[in-house]
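Everything on this sheet refers to the single structure shown next.
What follows draws every value from the coordinates through simple rules; no lab data is involved. None of the values given here were measured: they were computed from a predicted structure. Here the Cβ is made from the backbone with ideal geometry for all residues, glycine too, and neighbour counts use every protein chain on show.
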Amino acid sequence: AGTNVPMPGARVELRSDALIGGPRQVRTDEEGRFDFPLIPPGRYDVAVTYEGLKPTRRRVALELGQTETLRIAVSAEAVATETL
C-alpha cells in the first residue's frame, strides 16, 4: 500500500440494486485502470480483488450524467491460506 504501483489484472466488481442483470465485473488494464460505461444513477459497492491480497471495498454514489474517477489503494496484506 502507498506505492502507487498499478495493479494490472485485478478484478473489479460493481454491485447495486440499480444494476439490471446483476453485478458487473472487469479486469484492470496494464495501467491498473478500469471502466464501467453506461451505469445508471445509484449507490454502488465496488470491490477490487487481486490474487493473494485482501479485497478492497468502496462505496460510491452516482448521479445522472456524473463520471467518477476512483483511486483505490489495494492492501498489501496477504490473504491467510491454509496449509495441510
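Assuming R0 = 41 Å, can you tell me the calculated FRET efficiency for the pair residue 54 and residue 20, based on Cβ-Cβ distance, to the nearest 0.05?
Numbers: r = 30 Å, r/R0 = 0.74.
Calculated value: 0.85.
Each peptide in 9-17, 24-32 was scored by the mean count of other Cβ atoms within 10 Å over its residues; highest first, the order is 9-17, 24-32.
Evaluate the Debye formula for the stretch 16-78 with equal point scatterers sitting on the alpha carbons, no solvent, and hand back log10 of I(q)/I(0) at q = 0.19, 0.20, 0.21 Å⁻¹, in q order, two decimals. Reported log10 I(q)/I(0), two decimals: -0.81, -0.89, -0.97.
The HN-Hα couplings worked out from phi for the stretch 47-56 by the Karplus form 6.51 cos²θ - 1.76 cosθ + 1.60 (θ = phi - 60°) are 10, 10, 10, 9, 3, x, 10, 5, x, 10 Hz, whole numbers, x standing for Gly and Pro.
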